[in-house]
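I have placed the structure first, in the form of structure tokens, so that the comments after it can refer back to it.
What follows draws every value from the coordinates through simple rules; no lab data is involved. Keep in mind the model is a prediction, meaning the values are calculated, not measured. Because the Cβ atoms are built from the backbone with ideal geometry, glycine has one as well, and the counts that use them run over all protein chains shown.
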Amino acid sequence: MFARRIAVVGTGYVGLTTGACLASLGHRVVCADVDEDKVDRLRAGEIGIREDGLAELVSEGVAAGRLSFVVGAGTALKELEADGNPVEVMFLCVPTPMGVGGIADLTAVEAVVEETRAQLPPGCVVVNKSTVPVGTAARTAELLEREDVAVVSNPEFLREGSAVHDFLHPDRIVVGSTSQDAAERVAALYARLGAPMVLTDAASAEMIKYAANCFLAMKLSYVNAIAELCERLDADVADVTEGMGYDKRIGQAFLSPGPGWGGSCLPKDTHALLQVADAADFEFRLLRATIDTNTRQFQRMVDKIRLAVTGKRNGSLAKKKIALFGLTFKAGTDDLRDSPALAVAALLKQAGAELAAYDPGVRTAAAISEAWLLTVLDDPYSAAAGANAIVVLTEWSEFRLLDWRRVARDACEPLVIDTRNLLDEAVLARAAIRHVCLGRPRTA
Ligand code: UGA
């Protein structure tokens, strides 16, 4: 494969993974960020995020001279040119946070376009990798005002925690552009991965990303609703989802009930698509219900905890000590953005509960403690000591391996509300702990 010269602008999850993985595929990559300290740390090999295999890929790329880090998109273009040949592809991997009215805020994309417009060589391709509203590629092309530079939409489908694996083993590569030649050149960057390619127009590529994330969110809201119904009808959601999942049209993945879905992507993207639909005068009731079901799920978890702790649907949680096991939005990450665990914690706090938390991925305990008025401890046993209930909110597998007899001995009440259906029932039964799960007959 012919190696390309690539600039990657933005070194967050998406940008850093994209840069390191493209370098591992043999391309020459310069990654740029506006944050000087971050660039210094990356140069020193400190990647700053928890992502399996990423640190190794970064250091291999740097050692091989295929990967480097600079401050500013313009500097990245200069660095590639100084190597002898100008940039061929510039990836935009900058944040697109939820802006006013739920619409993605494109300020960062616009700033990079502004900074690099005059510098991009003729024939170069600008690629949008961030999740951006439908129409952004067209808007980027307008802002660029360059007939000789093509804009391509190439959304990423990485999951946090398995970003490197997902990049190198994608289910598909999606590339959209008005320029067939530019689309093919971007697709060729991934040729070695052997994934199915969807070549389309830019708006459709942008829509694919939203449609996929919103579908995943809908799948989770659906399964959480099914779990609730299972409790009322004395059915077991684990068996129900297993039975559903063997249908190839449904699949086993993404069918685990939980305290609600969160993270930096699904909440942002569902709200953004709803907003886009509203603006297009389309009442997307299914998506609205998907979001509402999730918001309700946080309160449902609190209701479940209330019933388990007080024995009454309207019992008071005031002064009850609740230990929270897990704060991140899912296991395997240190990311707290839009975490369902924090949403549940906030509602418990409002209900007057006293909270102590432990999360193996969270080291900035002081910051969270202050912001959320909860105590974050360094070990699960201290968090559980004296608790009226322990609530599992994130599916860290290490929770399965705790000494549950010790937890039961030190807690005030031997009660676990397991919102991820994570723990081994037999182990908890041996420790004489009451184990309340989601969607199980006994927990109705
Ligand atoms: C999500 C998508 O899965 C990726 O395909 C997409 O590329 C990414 O957003 C993005 O747009 O960048 P991510 O945010 O890393 O990835 O998280 P997920 O693994 O999808 O989990 C989202 C939420 O759903 C978490 O709160 C998780 O705990 C919850 N979840 C997931 C469940 O409750 N049950 C499940 O079976 C799966």
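Based on the Kirkwood radius over alpha-carbon pairs, what is the Stokes-Einstein translational diffusion coefficient of the range 5-200 at 10 °C with 1.306 mPa s viscosity, in µm²/s?
96
Quick one: TRP404, TRP261, fewest Cβ neighbours within 10 Å first, how do they rank?
Ascending Cβ contact count within 10 Å gives the list TRP404, TRP261.
Please compute the length gained on full extension between PHE254 and SER179, using 0.36 nm multiplied by the number of residues separating them and subtracting their Cα-Cα distance. Walk me through the numbers before you get to the answer.
Working: separation 75, 0.36 × 75 = 27.00 nm, distance 3.52 nm.
Once the chain is fully extended between PHE254 and SER179, it gains 23.5 nm.
Per 0.36 nm of contour for each residue apart, how much would the distance between HIS165 and GLU142 grow if the chain were fully extended, relative to their Cα-Cα spacing? Kindly include the intermediate steps, with their values, before the conclusion.
Details: separation 23, 0.36 × 23 = 8.28 nm, distance 3.48 nm.
Length difference between fully extended and current span is 4.8 nm.
Apply the a/c threshold of 1.5 to the C-alpha gyration tensor of the range 1-118 and tell me whether it is rounded, prolate or oblate.
Taking the square roots of the gyration eigenvalues as a ≥ b ≥ c, the range 1-118 is oblate.
In deg cm²/dmol, rounded to 500, what helix-only [θ] at 222 nm does the chain give when every DSSP H run of at least 4 residues adds -39500 (n - 2.57) and the total is split over its residues?
-13500 deg cm²/dmol, from helical runs alone.
May I ask you to sort PHE157, PHE325, PHE215 by Cβ crowding, counting other Cβ atoms within 10 Å and putting the fewest first?
PHE215, PHE157, PHE325
At q = 0.09, 0.11, 0.12 Å⁻¹, work out log10 I(q)/I(0) for the chain with the Debye formula, treating every Cα as an identical point scatterer and leaving solvent out; two decimals please.
-0.64, -0.91, -1.03
Of GLY65, ILE305, ALA163, which is farthest along the charge dipole of the chain in the positive direction, counting Lys and Arg as +1 and Asp and Glu as -1 at C-beta?
ILE305
Based on the inverse mean of 1/r over its pairs of different Cα atoms, what is the Kirkwood hydrodynamic radius of the range 93-184, in Å?
Computed over Cα pairs of the range 93-184, the Kirkwood hydrodynamic radius comes out at 14.2 Å.
Given axes a ≥ b ≥ c from the Cα gyration tensor, I'd like to know whether the range 202-319 is rounded (a/c under 1.5), prolate (a/b larger than b/c) or oblate.
Cα axes put the range 202-319 in the oblate bin.
Where nothing but the Cβ of Lys and Arg (+1) and of Asp and Glu (-1) is charged, how large is the charge dipole of the range 292-443 around its Cα centre, in debye to the nearest 20?
On the way: 22 positive and 18 negative charges, 157 e Å.
Charge dipole of the range 292-443: 760 debye, to the nearest 20.
What does the charge add up to near ALA32, with Lys and Arg as +1, Asp and Glu as -1, over the other residues with Cβ less than 12 Å from its Cβ?
For residues surrounding ALA32, the net value is -3.
Could you pull out which residues in the range 7-37 have an amide N less than 11 Å from a spot 7 Å beyond the Cα of GLU60, following the Cα-Cβ vector?
Those under the cut-off are 21-26.
Given +1 on the Cβ of Lys and Arg, -1 on the Cβ of Asp and Glu, and no further charges, what dipole in debye does the chain carry about its Cα centre, rounded to the nearest 20?
Working: 47 positive and 59 negative charges, 338 e Å.
Around 1620 debye, computed over the chain.
So if we plug the beta-carbon distance of TYR246 and ALA432 into 1/(1 + (r/R0)^6) with R0 = 41 Å, what FRET efficiency do we get, rounded to 0.05?
FRET efficiency, TYR246 to ALA432: 0.70.
With contacts defined as alpha carbon pairs under 8 Å and 6 or more residues apart, what's the relative contact order of the range 292-443 in percent? Display every interim value, and only then the final one.
Working: 287 pairs, mean separation 32.3, N = 152.
RCO, the range 292-443: 21 percent.
Along the Cα→Cβ direction, 7 angstrom out, place labels at ALA188 and SER397. What is the inter-label distance in nm?
Those two pseudo-labels are separated by 4.1 nm.
Please arrange SER153, SER339, SER24 by how many other C-beta atoms lie within 10 Å of their C-beta, fewest to most. Present the calculation step by step, with values, prior to reporting the outcome.
On the way: SER153 30, SER339 25, SER24 22.
Lowest count first: SER24, SER339, SER153.
Modelled label-to-label distance, ASP410 and ASP105, 7 Å Cα→beta-carbon offset: nm?
Calculated label separation equals 4.1 nm.
Assuming R0 = 25 Å, what is the FRET efficiency of ASP303 and ALA279, from their Cβ-Cβ distance, to the nearest 0.05? Provide the component values of the computation, followed by the final result.
Details: r = 35 Å, r/R0 = 1.40.
In this case the efficiency is close to 0.10.
First obtain the Kirkwood hydrodynamic radius of the range 292-443 from its Cα pairs, then insert it into the Stokes-Einstein equation at 37 °C and 0.692 mPa s, and state the resulting D in µm² per second as a whole number.
217
Take the Cβ-Cβ distance between LEU229 and GLN119 as r, set R0 to 60 Å, and report the resulting FRET efficiency rounded to the nearest 0.05.
Computed FRET efficiency for LEU229 and GLN119: 0.55.
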